[in-house]
Amino acid sequence: MAVTNGDVGIEMTRKRSKGSESNTVNDTIERPNWSNGLEFLMSCISMSVGLGNVWRFPFTAYENGGGAFLIPYIIVLFLIGKPMYYLEMILGQFSSKGSVKIWSVCPSFLGVGYGQALATICIITYYSSLLALTLYYLAVSCQSVLPWTHCRPEWGSYCVDSNPIGRVRDVTTLNSTIQLQSSSEMYFLKEVIKEKEDIYDGLGEPGWKLTISLFVSWVVIFLVIMRGVKSSGKAAYFLALFPYVILFALLVRAVTLEGAVNGIMFFLEPNWSELLNPKVWKEAVVQCFFSLAVGFGPIVMFSSYNRFDHCIYRDAMIVTSLDTLTSLLAGISIFGILGNLAHNLQITDIKDVVKSGTGLAFISYPDAIAKFRAVPQMFAVLFFFMLFVLGVGSIVALHCTIVTVICDQFKSLRYWKVALLTSICGFLASIIYVTPGGQWILNLVDYYGGTYVIFGLAILETVGISWIYGINSFCDDVKFMTKREVSLYWRACWAVLTPISMIIIFVYSLSTIKPLTYSGKLYPNSANVSGWILFAIGMSQFPLWAMWYIWLHWNEGLWKSIKSSVKASPKWGPSNALDRKEWIAFKAKCLEQRSERSSNSKLSQFRQKVQNFFRSS
């Protein structure tokens, strides 16, 4: 087979990139690498497969019609989730930079990286409070009798034991207009979080037990990340694999419970009319972002520690597919348990079983564990330890993203010192979520500081790469690094399908937004104002940093300065000097080939651009 000069250059680059890291010439930063590719894959799995699958996915499906939610979720996965996951992996590995520094590809979009970092901080603070809850349950699971198995007199007469063995409450004579509640739900609301009916008079004081659990959670987080990828990579094997052992055991138990079939059928049977509800599609996008950690920065951060020739295409397909399968596994398990809960509480509609969203994992799962006849304490310990492991895997990735952003900006700082300082700040900020009104604030911050901010910035991210930097330029970079042509599927998603579909859903969701509620109750006006301020701070990062960059690089008038600000800076490209030299030559050759096609073609300018879209070189 004939080999062109360009192919020879690419092959030479491949051989160089497989060499030792000591061959790097004139690197501006000596960036550590994963010990091996498997550590990177395990880290991505532990990041993406987390509480978002076990806690958030079943609840989101629960709130959006059960099975009807699966169809838009899978469609969104292929149109938005997979393309964005692969795109962020490429950006990190190609540039060896974090989620802020990658915007040397389009400097005026620097604010996208900072806005994502702000949203990530919001997620980290409340995510750690969920870890505190899992530790609390882990501790109380060591008692001789699980504390949520039986009702207590102070909980009233409408409580039903989660463990039907032994004392049985007669519920047939109770007023049918009053909804029954399981002892697992009452324990969570009354004993664990001591939830307030409203927050008009404040949030209350943090509980000392949950505060201690929160502190221990942050100590564990710091110990995992203190040495960067050297420590988090080793922990990733356990963080990624152990949860599946418990998940499969839980699935077996869930499907054997009485009434489980009704819950599973509710989950799997789609209501086709819900497909016309834009809210369901919006929730599918949000769930996809949250579950895969797309738009938050950890994917870029993790892949930035890869060697330049690592096969990220394979890893991206493995992680995104495994994440979806895990969500389905968790969904079947949780809805089987919900079906059993509905059976025990004599409720015909599965949607009426529980009210508290965050508590879904801390109500229905413990309720199922309470029904274990043999050593339920052992399984409770294993289950909540699994939840803790899942949570640690995700929050470690998010926290490492923030630490990497700071260390990339201030190169003289020691990684462990930044990790320690941010862990202390994270603990202090998270205390608000272990107050009696903490779940109200969690819902508020997630809605305004996480959901909509990430959604909007993700749109800017795809527009900046595909429309400003250019889809052809980006695909040239991908081809140079991966040594494979970019298929039409990826080009179409990155340039058209992904950004346009997100824009449509985002605009519609903002135009039809309704006052935020928690457990069916409205927030005070001051809380909503605070939420919108948080959203505004996150989204304003883009225009503010763009104006700062334009002002700092003013060049003979406003228009020229704007045009200059959207062009890739000299800092964009491979960090290895040898790879960079080959990349520059490769880019020049691709540009020359497109110019030749244009000059020899008899097509109109528009049709030629369309043709170039289908061909990257």
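The values are calculated or read from the model by the stated rules, or taken from the named source; none is laboratory data. Predicted model only: the values in this text are computed from it and were never measured. Counting neighbours? That spans all protein chains shown, and the Cβs are built from the backbone with ideal geometry, glycine included. Just the protein is used for accessible areas: all its heavy atoms, side chains included, with ligands, DNA and RNA removed. Shrake-Rupley method; radii C 1.70, N 1.55, O 1.52, S 1.80 Å.
Key figures for this structure:
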quantity	calculated
Dipole of the chain, positive end: most advanced residue of I90, W155, S501 [Cβ charges, Cα centre]	I90
Solvent exposure, largest accessible area first (probe 1.4 Å, DNA, RNA and ligands not counted), of C311, C493, C142	C142, C311, C493
Order by protection proxy (mean Cβ within 10 Å, highest first), peptides 107-120, 377-390	107-120, 377-390
Dipole axis of the chain (+1 Lys, Arg; -1 Asp, Glu on Cβ), positive-most option in V220, P298, Q143	P298
Partnerless Cys - the chain, beta-carbon criterion under 4.7 Å	C44, C106, C122, C142, C288, C311, C400, C407, C425, C475, C493, C590
Ranked packing of 585-597, 241-253, most packed first, by mean Cβ within 10 Å	241-253, 585-597
FRET efficiency, 1/(1 + (r/R0)^6) with R0 41 Å, evaluated for E205 and K411 via beta carbons	0.50
Pair V216, K521: separation of 7 Å Cα→Cβ label points (nm)	3.0
Dimensions (Å) - the range 198-321, Cα atoms, principal axes, largest first	48, 48, 35
Label-to-label distance, nm, for residues given as E63 and I500 (7 Å Cα→Cβ offset)	3.0
Distance between modelled label sites at V252 and W467, nm, 7 Å Cα→Cβ extension	5.2
Entries in K196/K279; K97/K560; K97/K417; K417/K571; K567/K587 that, when Cα-Cα distance is taken, lie over 18 Å	K196/K279; K97/K560; K97/K417; K417/K571
Of the DSSP H helices in the chain, those whose Cα atoms cover at least 27 Å axially and whose Kyte score averages -1.0 or more	110-140, 229-255, 312-344, 376-409, 525-552
Computed lengthening from K234 to F372, 0.36 nm per intervening residue step minus Cα-Cα distance	46.3 nm
The range 543-598 versus the range 418-448: alpha-carbon centroid distance in Å	39
Whether the range 335-483 is rounded, prolate or oblate, judged on the alpha carbon gyration tensor where a/c under 1.5 counts as rounded	prolate
Accessible surface ranking that places the most exposed of E269, E582 first, with a 1.4 angstrom probe	E269, E582
Inter-centroid distance (Cα atoms) of the range 309-345 relative to the range 103-117, Å	32
Solvent-accessible area, 1.4 Å probe, carbon plus sulfur percent, for the chain	64
Contour excess over end-to-end distance, with Cα ends at I75 and L325 and 0.36 nm allotted per residue	88.6 nm
Solvent-accessible area per residue, Å², over the chain with all protein chains present [probe radius 1.4 Å]	42
Extension gain from A139 to I513, taking 0.36 nm per residue of separation minus the Cα-Cα distance	130.6 nm
Whole-Å distance, taken between Cα centres, linking the range 231-295 and the range 52-84	8
Three-way shape call for the range 29-85 based on the alpha-carbon gyration tensor, with the a/c threshold at 1.5	prolate
Two-site FRET efficiency, K589 against W554, from Cβ-Cβ distance with R₀ of 25 Å, rounded to 0.05	0.15
Protection-proxy order for peptides 124-137, 323-336, 509-522, each taking the mean of Cβ atoms within 10 Å per residue, highest first	124-137, 323-336, 509-522
